[in-house]
Amino acid sequence: MAINERKVAIVGCGFVGSASAFALMESGLFSEMVLIDVNRDKAEGEALDISHGLPFAKPMQIYAGDYSDAGDAAVVIVTAGAGQKPGETRLDLVKKNIGIFRAIIPEIAKYNTEGILLIVANPVDILTYVAAKLSGFPENRVFGSGTVLDTARFKYLLGERLKVDSRSIHAFIIGEHGDSEIAVWSSANVSGIPIHDICEMRGFYEHEKAMKDIADDVKNSAYRIIEKKGATYYGIAESVRRICEAIIRDEKSILPVSSIQHGEFGVEDIALSMPAVVGRSGVQGTVPIRLSEEETKALLASAETLKVVLDDAF
């Protein structure tokens, strides 16, 4: 089936799926969006509710459907899965959500063989690997939202601390989207100025403490939000919109998405986040980011954490 470049499918209409659908409706990237959920009424309700905002946006067809309706979608976004509960880590979700993926990924692949599979459900790195294997798609067309949101949180917190526009901050969170993620301080900068230099320019000198505090704040952001309101969805919805922009516009943007690694920094046969060029064909290659010796060790430890969980569950 020929791919419709202006069509997106979202599988899973929970908090993240519906927020992502709303963000994509407002983006104007697509002219057609199908929502798929095991609860058909939920998908229909979300489609109706979001459609009622169309008079204030751009023309678009939004409707509930099934997997066959996703056959010509340029991007299939998978948010379906059990949600993270208070006190539960993303990795606690792994066995439940692998079971769900065993049911839905072959259904997607049955009808859609040419689109991009964007995995958003958690634990996103494990599920990205699982989706690639279950779908049989080329690896460049199966990737996860990864640490795009973590990186946005990192930039936001640095911007708040330094009182500068977060869009001028160039820094990455890499590795697992979760507890073993790594804040890459060695290459972080603000418009080309090394992060420690600009910290001192802005009156901050306790670098080690600040680095630990900010990295911990990024890592614990989801837990704090879940504790207070039960789920996170607006930040990840904007992350999904940003990734879709890079795909549909073939921007070749550098984003820290989760993809299967093949030897970079010694990481092999596991999906985790590294800066990658993202465009219409999906992941078009990783970017050789500079890491310190300590950061490289932390990346390898993050990969090993994920491998242990994957080996136990898949």
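Brief remarks follow.
- In the chain, the longest principal axis of the Cα atoms and the axis of helix 40-51 are about 70 degrees apart.
- Three-way shape label, the stretch 25-175, alpha-carbon gyration tensor, a/c 1.5: oblate
- Max mean-square fluctuation residue, GNM over the chain, Cα-Cα springs under 10 Å, options 168, 239, 302: 168
- Sorting 133-139, 174-180 by their mean Cβ neighbour count within 10 Å, with the most densely packed peptide first, gives 174-180, 133-139.
- Long pairs among 155/229; 229/252; 110/307; 42/229; 133/228; 110/219, criterion Cα-Cα beyond 30 Å: 229/252; 133/228; 110/219
- Ordering 192, 305, 260 by the projection of their Cα atoms onto the charge dipole of the stretch 148-313, which places +1 on the Cβ of Lys and Arg and -1 on the Cβ of Asp and Glu, puts 192 at the extreme positive end.
- Nearest-20 debye value, the stretch 4-144 charge dipole, Cβ charges on Lys, Arg, Asp, Glu: 380 debye
- Euclidean distance of C-alpha centroids, the stretch 90-161 and the stretch 196-239, integer Å: 23 Å
- The stretch 251-314: trypsin sites (Lys or Arg not before Pro) in DSSP loop, at most 14 other beta carbons within 10 Å: 252, 290
- Sites listed here are chymotrypsin sites (Phe, Trp or Tyr not before Pro) in the stretch 143-244 whose DSSP assignment is loop and whose Cβ has at most 12 other Cβ atoms within 10 Å: 205.
- For the chain, DSSP calls about 45 percent of its internal beta bridges antiparallel.
- Principal-axis analysis of the Cα atoms of the chain puts helix 94-111 at an angle of about 50° to the longest axis.
- For the chain, a Gaussian network of Cα nodes joined below 10 Å ranks 38, 75, 184 by mean-square fluctuation, and the top entry is 38.
- Burial ordering of 128, 113, fewest other beta-carbon atoms within 10 Å first: 113, 128
- In the distance distribution for the chain, Cα-Cα pairs more than 28 Å apart total 37 percent.
- Principal-axis tilt of helix 207-229 within the chain, Cα atoms, nearest 10 degrees: 30 degrees
- Across the options 23, 279, 68, the greatest Cα extent toward the positive end of the charge dipole of the chain (unit charges at beta carbon of Lys, Arg, Asp, Glu) belongs to 23.
- Mean ellipticity per residue at 222 nm, deg cm²/dmol - from DSSP H runs of n ≥ 4 across the chain, formula -39500 (n - 2.57): -14000 deg cm²/dmol
Throughout, read-outs are computed from the coordinates displayed, never taken from laboratory work. Note that the structure is a prediction, hence the values are computed from the model and not measured. Virtual Cβ from ideal backbone geometry, glycine too; neighbours counted across all protein chains shown.
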